[in-house]
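Have a look at the structure below, then the notes.
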């Protein structure tokens, strides 16, 4: 789970720096993606 959280956050921050995404979009995108990673990991081991 920590590995995928690292990959997703790196991807979001990479998109943020390359495409100059506004903070209002990058912040919720980061939290949504991390939430998806956590919920999919919990559902996998359930």
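One table, with the values for the structure above:
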quantity: Projected area averaged over orientations for the chain, convex hull of C-alpha atoms, nm²; calculated: 2.9
quantity: In nm, spacing of pseudo-spin labels at residue 20 and residue 45 (7 Å Cα→C-beta vector); calculated: 4.2
quantity: Using alpha-carbon coordinates, inclination of helix 23-44 to the longest axis of the chain, degrees; calculated: 10
quantity: The chain, helix-only ellipticity at 222 nm - DSSP H runs n ≥ 4, -39,500 (n - 2.57), divided by all residues, nearest 500; calculated: -30000 deg cm²/dmol
quantity: Degrees between helix 2-19 axis and first principal axis of the chain (Cα, 0 to 90, nearest 10); calculated: 20
quantity: Computed label-point distance, nm, for sites residue 5 and residue 29 using a 7 Å Cα→Cβ extension; calculated: 2.1
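Read-outs: derived from the displayed coordinates by stated rules, not from any lab. This one's a predicted model, so the numbers in the text were calculated from it and none came from an experiment. We place every Cβ from the backbone using ideal geometry, glycine too, and count neighbours over all the protein chains shown.
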